[in-house]
């Protein structure tokens, strides 16, 4: 029977020989010390084995049950965006020489990988307006938690204020991450316009606060009052930490321009497919002043003994193989391949392309929002947004009914935000990228108009 | 080459030195420590005005080989830091007792010196 499993390395004969060697009559006897009732409850009721051809058609059958953005019009965003990825990106990133999730263990012989990391870091510095970037982190959420830890090390303080408008899942990760180091987290509430309430932030901030963490644009797509927040943080001796959407700086200022000390974010919009929400990568950058407190690996450029450009891993004294328990982080692996993918993506679109696609996303999102605001029963929370916005459903319509109606029309309308924010009932986060064609927007608008009419509102 | 430890200087087993000059004291790391660390590339200095207890970490020294914490041999308040070290950390390798000093402190007590070693005892200690 076992001989039918072509891909198992041990043949029936191998197994018999091994059992004979240890003096057991059959394989079941290897597990004789597991109580019988336990064994029964873990019995596997597996279907019969398929041959490769059968398996492939079964998998296709299952895959057809998925709905995906190639077949549906998608307005999903909330941190994971459907930007167009030029085909050169995958072509270069899938070269076998690059296939690793790690920065190399014997780094100096991997000059190509180090150079790619170095270029990646330089581009992240341009996007964030910071001086130094590391070789990437696992994701935006862990990068944000690491930024809080870093701020606590720098200021020798033990508390952090995070904005209510920060991605709620990032907030959860921060709370989990900082539970061990015993860092207190306070959440700074938002106002009716869906941005951080700076008056409340002022009341909340104390001398124990190491940093104020905000997101730009925030989780609801809105533009925060960064200048006020920066002033509140810095007057208090706290660091200003900004989590940003890298595409947004195509038209918005870089966090460096408005005084951020540490900038982090999720790199998914930079050439990573949506892939069920991950994996992508996190990026992390800071000003020169704090570079020795930056976690993770950093590639640097230098000259070899013959005077040629060479790349190396630098500032390693921060890391655990040198500083042991006092290392800036125990993060030593990252998402090297996803970061490399984004490096290729950034090179492919260039600064001009970034501006263009940020602009198109912005224009179309605002166009759609204005149209929605004119449909009886529907409204938007605010116009103060980049490429995604909160659409408020008519009172008569539940989020679930709305979603189902839209899915019937092959439209994925966006994320239901009410499940994260009880202060925002019947709210859908609608996101636009350059991939949402004008005709898609009109299909969406006409669907909303029909709903409005059917509810007797129009 | 040995560099002589100046007068009125006491050393710790963790290789900091403290030179007493009246009410103030100069802190740094010993020549032996600097040699062991190798080429020093970065010194993290405390802020002027910070008050430390004996045994507190007042800074960090990084060399190409290692990063080490600096411990206060006595309690005291920082009145001056050697800012030149920010751009020229190698001064510690070249001249740890003069140009390569790290901080100056005041408000310390002679009693705290009881746990430090005289320069002669320190030299014996590192020979061992």
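The values are calculated or read from the model by the stated rules, or taken from the named source; none is laboratory data. On a predicted model such as this, the values are computed, not experimentally measured, just so you know. Don't worry about glycine lacking a Cβ; one is built from the backbone with ideal geometry, like all the others, and counts go over all protein chains shown.
At-a-glance table
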quantity: Selection count where residues are in a loop (DSSP other than H, G, I, E, B) and crowded, with 22+ Cβ neighbours inside 10 Å, scope the range B:16-41; calculated: 1
quantity: Residue match in the range A:255-266 (condition: within 14 Å of another protein chain (Cβ to nearest Cβ), in a strand (DSSP E or B) and either on the phi < 0 side of the Ramachandran plot or within 25 Å of the chain's Cα centre (by Cα) (or both)); calculated: no
quantity: When residues of the range A:359-377 are limited to those that are in contact with a helix residue (DSSP H, G or I) (Cβ under 8 Å, 6 or more places away or on another chain) and crowded, with 23+ Cβ neighbours inside 10 Å, the one nearest to residue A:397 (Cα to Cα); calculated: A:368
quantity: Conditions (1) at pLDDT below 90; (2) in a strand (DSSP E or B): number failed by residue A:292; calculated: (2)
quantity: Identity of the residue in the range B:42-57, surrounded by 13 or more Cβ atoms within 10 Å (Cβ to Cβ) and within 11 Å of chain A (Cβ to nearest Cβ), that ends up farthest from the chain's Cα centre (by Cα); calculated: B:50
quantity: Those strands (runs of 3 or more DSSP E) lying entirely in the range B:59-111 with at least 1 residues within 14 Å of the chain's Cα centre (by Cα) and within 14 Å of chain A (Cβ to nearest Cβ); calculated: B:67-71
quantity: Identity of the residue in the range A:378-405, outside any strand (DSSP E or B) and under 22 Å from the mean Cα position of the chain (by Cα), that ends up surrounded by the most Cβ atoms within 10 Å (Cβ to Cβ); calculated: A:387
quantity: Subset of the range A:267-287 [modelled with pLDDT of 95 or more and surrounded by fewer than 24 Cβ atoms within 10 Å (Cβ to Cβ)]; calculated: A:287
quantity: Members of the range A:219-247 that are out of contact with any strand residue (DSSP E or B) (no Cβ under 7 Å at 6 or more places or on another chain) and closer than 30 Å to residue A:345 by Cβ; calculated: A:219, A:247
quantity: Exclusive hit being in contact (Cβ under 8 Å) with a residue 12 or more places away in the chain, surrounded by 17 or more Cβ atoms within 10 Å (Cβ to Cβ) and more than 26 Å from residue A:389 (Cα to Cα), set A:119, A:108; calculated: A:119
quantity: Those residues of the range B:42-51 which are free of Cβ contacts under 8 Å to residues at least 40 places away in the same chain and part of a strand (DSSP E or B), in sequence order; calculated: B:44
quantity: Residues (exposed (fewer than 10 other Cβ atoms within 10 Å of the Cβ), modelled with pLDDT under 90 and part of a helix (DSSP H, G or I)) located in the range A:14-44; calculated: A:28, A:31, A:36, A:37, A:38, A:40, A:41
quantity: Pair list, Cβ under 8 Å, 6 or more apart: the range B:103-128 residue touching a residue at least 40 places away in the same chain (Cβ under 8 Å), other residue surrounded by 14 or more Cβ atoms within 10 Å (Cβ to Cβ) and part of a helix (DSSP H, G or I); calculated: B:117/B:125; B:126/B:32
quantity: Considering residues of the range A:71-96 that are over 21 Å from the mean Cα position of the chain (by Cα) and within 21 Å of residue A:440 (Cα to Cα) only, the residue surrounded by the fewest Cβ atoms within 10 Å (Cβ to Cβ); calculated: A:71
quantity: Every residue from the range A:413-440 that is within 19 Å of residue A:167 (Cβ to Cβ), in contact with a strand residue (DSSP E or B) (Cβ under 9 Å, 6 or more places away or on another chain) and not in a loop (DSSP other than H, G, I, E, B); calculated: A:415, A:416, A:417, A:418, A:427, A:428, A:429, A:430, A:431
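Condition check ((1) within 26 Å of residue B:86 (Cα to Cα); (2) within 14 Å of chain B (Cβ to nearest Cβ); (3) in a helix (DSSP H, G or I)) across all residues:
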position: A:297; (1), (2), (3): yes, no, no
position: A:306; (1), (2), (3): no, no, no
position: A:312; (1), (2), (3): yes, yes, no
position: A:334; (1), (2), (3): no, no, no
position: A:348; (1), (2), (3): no, no, yes
position: A:362; (1), (2), (3): no, no, yes
position: A:367; (1), (2), (3): no, no, yes
